[in-house]
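Notes for the one structure printed next.
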Amino acid sequence: MKTNRPYQFLLKIIIFALIMSGIPLPTILLLASPFWILIFYVYWIIFFTAKGRLFLALVIGLLIDILHGSLLGQNALALILSSAFIINVKQSFYVSNISTQQVYMFAASAIYLLTFLLIHILIQGLDFSWVVLLVPLTTSLFWLPVQFILTKLRH
């Protein structure tokens, strides 16, 4: 896979992430499944230099909102805030070992989940399954295999 065109690579991994998030799973696994879009988008932010990263996060988040039928802007805001965190720690993230990268991914997915849940609670009240609190853990655990596979595909 050629990576001299970062936007084409982003399009390919976002389509793959949307496919991964659409795989039918039992309800308990579906609630605890990682934020696939966040994992793949963070990889792209870290390993590619491109302009308009937060604007792309907005567009991708709005696309997720439309595809999942959720409140318009909910995923977009969560993805923007998580991406802004990763952009701020990008230099440290890039040179860190894998366990430190997993901690950064845990923090980014916790920001995503917190933003998502705050909007959900404001609109619909305290009506969610507590299993979703495992999502930052699963996101940080899936960071290693996704990073490994995408790095192999990039070369």
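The values are calculated or read from the model by the stated rules, or taken from the named source; none is laboratory data. This structure is a prediction, so every number in the text was calculated from the model and none was measured. Using ideal geometry, Cβ is built from the backbone for each residue, glycine included, and neighbour counts are taken over all protein chains shown.
Values as computed for the structure displayed
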read-out	value
Subset tally (residues that are outside any helix (DSSP H, G or I) and among the aliphatic types (A, V, I, L, M)) for segment 75-124	1
Condition broken by HIS68, with the remaining ones in (1) buried (at least 17 other Cβ atoms within 10 Å of the Cβ); (2) at pLDDT below 90 satisfied	(1)
Test set (1) outside any helix (DSSP H, G or I); (2) closer than 16 Å to LEU79 by Cβ - ASP127 fails condition number	(2)
Qualifying residue in segment 51-69 (condition: assigned to a helix (DSSP H, G or I) and closer than 19 Å to LEU134 by Cα)	no
Top-ranked residue of segment 96-155 - restricted to ones that are without any contact (Cβ under 8 Å) to a residue 12 or more places away in the chain and closer than 19 Å to LEU29 by Cα, ranked as surrounded by the most Cβ atoms within 10 Å (Cβ to Cβ)	PHE128
Boolean, ALA84 is at pLDDT 95 or above and either closer than 17 Å to TYR112 by Cα or of a type in the set (Gly, Ala, Ser) (or both)	yes
Close pairs (7 angstrom Cβ cut-off, 6 or more residues apart or separate chains): surrounded by fewer than 23 Cβ atoms within 10 Å (Cβ to Cβ) in segment 27-41, part of a loop (DSSP other than H, G, I, E, B) anywhere	LEU31/SER129; SER33/LEU25
Search result, residues across segment 21-50 that are in a helix (DSSP H, G or I), over 20 Å from TYR7 (Cβ atoms) and within 14 Å of the chain's Cα centre (by Cα)	SER21
